[in-house]
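Laboratory data are not the source of any read-out in this text; all were calculated from the coordinates shown. Just so you know, these numbers come straight off a predicted model, no measurement behind them. All Cβ positions, even for glycine, are placed from backbone atoms using ideal geometry, and neighbour counts span all protein chains on display.
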Amino acid sequence: MYKAIFFDRDGTLTYFTKEKECWRDETIRKWSGKPFLLSYEKMMALFRQAAEGKTPWYTDLEEERRFFRRYYRYLLIGEGVTVDMEERAERLFSELWCNGDRALFPEVKEVLAYGKAHGYQMGVISDTSPSLEYTLRQLGIAGYFTSFTASSLVGAGKPDPAIYRAALQAQGVAAEESIYVDDTEEEADGARKLGFTSFYLDRSKQKTGRWIIDDLRNIIDFLENNG
């Protein structure tokens, strides 16, 4: 029945490491002489500054690298850092862009190995940048996937139907032949509305329901009974 399994990346396959975030905040505090807090609003304002009026912000890895170098320069300017600003911005970029900032949830490789062993096509659908495949290669799991659908390249983010359709087209499958897993309920619902068998991954175990799971291994259980 099912031919493909699609996963969200952040919060589903990977999580952000606290060590990098703490290093960033403490380093910027030392340079600026004041506490550093990166709120969502501040981050989005920095993104807009780094874009410098360009839409989309980036369409390939090289553009993305240039974008984030600008991002960290604007961040330091906003924090009042002027001494050795270029060198310090480069250090932030080198430490924080695709460099140990993500880790895999414990069960991920087991679930991906199961999918590969049983002949399922697998892909990732993520509201992210062109570095999607690059980040998963760093974590040693890119080889399990045959499509990497990033919102920045599609020009639409979840739950817009366009991004799910782009992923289906990349794998050559129909929604009804596909499973999707996401840790954001709205985005899981968006896939389900198109015909996916879609699961909301709630690792906190706060919610229960037919299409709610708390561990990716639940997908193996589902396929064993419905695959």
Looking only at residues in region 1-30 that are touching a Leu at 6+ places or on another chain (Cβ under 7 Å) and not hydroxyl-bearing (Ser, Thr, Tyr), which one is farthest from residue 220 (Cα to Cα)?
24
Can you confirm whether region 30-44 contains a residue that is touching a strand residue (DSSP E or B) at 6+ places or on another chain (Cβ under 8 Å) and polar (S, T, N, Q)?
no
Quickly run through region 83-98 and pick out the residues that are surrounded by fewer than 16 Cβ atoms within 10 Å (Cβ to Cβ) and under 21 Å from residue 127 (Cβ atoms).
none
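Would you tally the residues in region 142-153 being among the β-branched types (Val, Ile, Thr), surrounded by fewer than 20 Cβ atoms within 10 Å (Cβ to Cβ) and under 15 Å from the mean Cα position of the chain (by Cα)? Quick ask: steps written out before the conclusion?
So in region 142-153, the residues among the β-branched types (Val, Ile, Thr) come out as 146, 149.
If we keep only those that are surrounded by fewer than 20 Cβ atoms within 10 Å (Cβ to Cβ) as well, we get 146.
Retained after the next criterion (residues that are under 15 Å from the mean Cα position of the chain (by Cα)): none.
Total meeting the criteria: 0.
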Region 48-82, residues that are surrounded by fewer than 16 Cβ atoms within 10 Å (Cβ to Cβ), more than 23 Å from the chain's Cα centre (by Cα) and in a helix (DSSP H, G or I):
77, 78
In the list 170, 174, which residue meets the criterion of being within 15 Å of residue 121 (Cβ to Cβ), surrounded by fewer than 21 Cβ atoms within 10 Å (Cβ to Cβ) and more than 19 Å from the chain's Cα centre (by Cα)?
174
Quick check, is residue 191 without any contact (Cβ under 8 Å) to a residue 60 or more places away in the chain and part of a helix (DSSP H, G or I)?
no
